[in-house]
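The values are calculated or read from the model by the stated rules, or taken from the named source; none is laboratory data. Everything quoted here is computed from the prediction, not taken from an experiment. Ideal geometry is used to build each Cβ from the backbone, glycine not excepted, and the neighbour counts take in all protein chains shown.
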Amino acid sequence: MDINKLSSKIIGAAIEVHKTLGPGLLESAYEECLCHELNRNNLSFERQKALPIVYKGKRPDCGYKLDIVVENTIVLELKSCKQIEPIHKAQLLTYLKLSDLTLGLLLNFRVSVMRDGIVRIVNRLKE
């Protein structure tokens, strides 16, 4: 599937979750419900996907987890915070670089209108 069409389907699923639940819940609730919507849309995904760190040929015991990876293509980083900060964008960009993926969506569910909580991040090194 085209990455832009896939991205649109994911955003539609996030909007559906937000429309149904509203703002103010924990990230874990949004993650569970978003995964339900992704499943309903016949999209494959992995939750809490391990992201090992390799530093100068060593693998320190400090790996991270990606919230959701859809179709082995798009990283979803879920938030439920007052506002998206530059560090959140930097975090997702780092995840993209480490996972060797191109596109990430930062989805903040603590907004009145979901479209205001969506940030698209592109790993320019992959283009």
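Table: residues versus (1) modelled with pLDDT of 95 or more; (2) in contact with a helix residue (DSSP H, G or I) (Cβ under 8 Å, 6 or more places away or on another chain); (3) closer than 26 Å to GLY24 by Cβ; (4) among the hydroxyl-bearing types (Ser, Thr, Tyr).
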residue: ASN41; (1), (2), (3), (4): yes, yes, yes, no
residue: LYS56; (1), (2), (3), (4): no, no, no, no
residue: CYS81; (1), (2), (3), (4): yes, yes, yes, no
residue: LYS97; (1), (2), (3), (4): no, yes, no, no
residue: ILE118; (1), (2), (3), (4): yes, yes, yes, no
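Hey, can you tell me all the residues within segment 37-49 that are surrounded by fewer than 10 Cβ atoms within 10 Å (Cβ to Cβ) and of a type in the set (A, V, I, L, M)?
none
Is it true that ILE11 is part of a helix (DSSP H, G or I) and β-branched (Val, Ile, Thr)? Steps first, please.
Working: part of a helix (DSSP H, G or I): yes; β-branched (Val, Ile, Thr): yes.
Spelling it out, ILE11 is indeed part of a helix (DSSP H, G or I) and β-branched (Val, Ile, Thr).
Go through segment 32-65 and give me each residue that's within 21 Å of ILE84 (Cα to Cα) and in a loop (DSSP other than H, G, I, E, B).
None - no residue of segment 32-65 is within 21 Å of ILE84 (Cα to Cα) and in a loop (DSSP other than H, G, I, E, B), so the list stays empty.
I need the full set of residues from segment 15-31 which are surrounded by 13 or more Cβ atoms within 10 Å (Cβ to Cβ) and outside any loop (DSSP other than H, G, I, E, B), in order please.
Across segment 15-31, the qualifying residues are ILE15, GLU16, VAL17, HIS18, LEU21, GLU27, ALA29, TYR30, GLU31.
Considering only segment 66-76, I want to know if a residue exists there that is surrounded by 11 or more Cβ atoms within 10 Å (Cβ to Cβ), in a strand (DSSP E or B) and in contact with a Cys (Cβ under 9 Å, 6 or more places away or on another chain).
yes
Working only within segment 95-127, note down all residues that are without any contact (Cβ under 8 Å) to a residue 60 or more places away in the chain and in contact with a Gly (Cβ under 6 Å, 6 or more places away or on another chain).
Residues satisfying the conditions are LEU96, ASN108, ILE121.
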